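Below is one structure, written out as structure tokens; comments come after it.
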Amino acid sequence: AKYAAAIQQAVLNQWIRPDTVPLGQKCTLLIRQLPGGEVRDAKVQPGCPFDEAGKRSLEAAVLRAQPLPYRGFESVFNRNLVFHFQAQDR
């Protein structure tokens, strides 16, 4: 849970929420990453209710947030991470 919260915060710090994405709305992404937190890619998964602008902005925020939190989370690190993002303002 702490790992997910750390990633949520890292992405949120880089994300500019489009007006079309309501606060609290959730979107799932698949993040492929390397040890150390380097992101290979981030793809919004089917069923994400964000509009196209919201989806693209979220994927871009994940890339800007790299390296994602890694140190201290080695035991729960996963190269293919299913990440449940919740829209919030910073």
Only unsatisfied item for Q86, checking (1) over 14 Å from Q25 (Cβ atoms); (2) surrounded by fewer than 18 Cβ atoms within 10 Å (Cβ to Cβ), is (1)
Residues that are of a type outside the set (A, V, I, L, M), touching a residue at least 40 places away in the same chain (Cβ under 8 Å) and in a loop (DSSP other than H, G, I, E, B): does the range 33-56 have at least one? yes
Exception for E59 within (1) within 17 Å of V76 (Cβ to Cβ); (2) assigned to a helix (DSSP H, G or I); (3) touching a strand residue (DSSP E or B) at 6+ places or on another chain (Cβ under 8 Å) falls at (1)
Does G72 meet the test of being on the phi > 0 side of the Ramachandran plot and open to solvent by 40 Å² or more (accessible area, probe 1.4 Å)? yes
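The values are calculated or read from the model by the stated rules, or taken from the named source; none is laboratory data. Note that the structure is predicted; figures quoted are calculated from it, not measured. Cβ atoms come from the backbone with ideal geometry, glycine included; neighbour counts cover every protein chain shown. Surface accessibility is based on the protein's heavy atoms, side chains included, excluding ligands, DNA and RNA. Shrake-Rupley method; radii C 1.70, N 1.55, O 1.52, S 1.80 Å.
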